[in-house]
Amino acid sequence: MGQIQLERQGGVAVFTVDSPEVRNGLTPEMGLQLSELCDEVDADPAIGAAVVRGAGGTFCSGADRRRWTPGSDQAEDKTYKELGAVYTAFRRVGTLQVPTIAAVRGAAVGAGINLALSTDLRIVSESARLLAGFLRIGLHPGGGYFTISSRTAGREATAAMGLFSEEIDGVRAAEIGLAWKAVPDDQVEDLALELAGRAAKDPELAREAVRSFRTEAGPPGIGWEAALHFERATQMWSQRRRETA
């Protein structure tokens, strides 16, 4: 049975998806564990950023389909709640109170690409394989894929991957804005940790800044005029705090 590992590196929380038998496929139990660990991170004011990665050089191959029963009643209570546990985990990562980075090596497929898209920033291996893959296996996309993909890579890329099953590598992901940077495979996690460490130097400020970022950038986002007023109080707080730091 797979699990989610949590370690702290200075002020950075590092989540590791670890289920090597299925290339880090997610189970409902792992979804629940990930949500619980997010609660731990939020409760620790010394943590100022988080990195999500996969064990063994692979990010996440999707849901662990060994648990699936073809033709089963998906509205049955237990089945419905188990899938919900995985979906809730994506949302929980996306609402962490600290800035988040996905360090993507190997494959990010289906639920795996949703997990990567739930973070604020992605650093990917040049050779990474990114694939929505839902329609390839006869499934409608889930986990809010269309929303979290279109806010990151835009409508065109979301259609190509979500409707037409296009697969891209890390280089292409960076070209279309699905990732911030594509680097050689052995540099992915080091760069993600370096960037996270910058935010983690001031955890309190990082938490305030990411709250503003998500409110303004959305989805659904807010208008520029509203953003001016929304930011102002927190910026005033940071100015006053800086003078006494």
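Among the residues of the range 119-132, write down those that are part of a loop (DSSP other than H, G, I, E, B), open to solvent by less than 10 Å² (accessible area, probe 1.4 Å) and in contact (Cβ under 8 Å) with a residue 40 or more places away in the chain. Across the range 119-132, the qualifying residues are 119, 128.
Taking the criterion of being among the basic types (Lys, Arg) and farther than 24 Å from residue 135 by Cα, the residues of the range 157-211 that qualify are 181, 198, 201, 207, 211.
Restricting attention to the range 150-172, the residues that are part of a helix (DSSP H, G or I) and more than 15 Å from the chain's Cα centre (by Cα) add up to 12. Total residues in the range 175-188 satisfying the condition of being within 16 Å of the chain's Cα centre (by Cα) and open to solvent by less than 40 Å² (accessible area, probe 1.4 Å): the figure is 4. Of the listed requirements (1) of a type outside the set (Gly, Ala, Ser); (2) open to solvent by 70 Å² or more (accessible area, probe 1.4 Å); (3) part of a loop (DSSP other than H, G, I, E, B), residue 147 misses just one: (3). Of all residues in the range 2-51, those that are part of a helix (DSSP H, G or I) and more than 16 Å from residue 206 (Cβ to Cβ) total 15. Filtering the range 157-172 to residues that are closer than 21 Å to residue 147 by Cβ and of a type in the set (Val, Ile, Thr) leaves 158, 168. With respect to the conditions (1) of a type outside the set (Phe, Trp, Tyr); (2) touching a residue at least 40 places away in the same chain (Cβ under 8 Å); (3) touching a strand residue (DSSP E or B) at 6+ places or on another chain (Cβ under 6 Å); (4) open to solvent by 40 Å² or more (accessible area, probe 1.4 Å), residue 167 lacks only one, and its number is (2). Screening the range 135-150 for residues that are out of contact with any helix residue (DSSP H, G or I) (no Cβ under 7 Å at 6 or more places or on another chain) and not small (Gly, Ala, Ser) and picking the one that is nearest to residue 16 (Cα to Cα) gives 147. Looking at the range 158-171, is at least one residue modelled with pLDDT under 90, β-branched (Val, Ile, Thr) and farther than 16 Å from residue 118 by Cα? Within the range 158-171 (the criterion being modelled with pLDDT under 90, β-branched (Val, Ile, Thr) and farther than 16 Å from residue 118 by Cα), the answer is no, since none of the residues qualifies. The residue of the range 26-57 that is least open to solvent (accessible area, probe 1.4 Å), among those that are among the small types (Gly, Ala, Ser) and more than 15 Å from the chain's Cα centre (by Cα), is 48.
Out of 140, 229, report the one residue that is assigned to a loop (DSSP other than H, G, I, E, B) and modelled with pLDDT under 95. Of the residues listed, the single one that is assigned to a loop (DSSP other than H, G, I, E, B) and modelled with pLDDT under 95 is 140.
The values are calculated or read from the model by the stated rules, or taken from the named source; none is laboratory data. In this text, all values refer to a predicted model and were calculated from it rather than measured experimentally. When we count neighbours, we look across all protein chains shown, and the Cβ atoms used for this are built from the backbone with ideal geometry, even at glycine. In case anyone asks, the SASA skips ligands and DNA or RNA and just uses the protein heavy atoms, side chains included. Shrake-Rupley method; radii C 1.70, N 1.55, O 1.52, S 1.80 Å.
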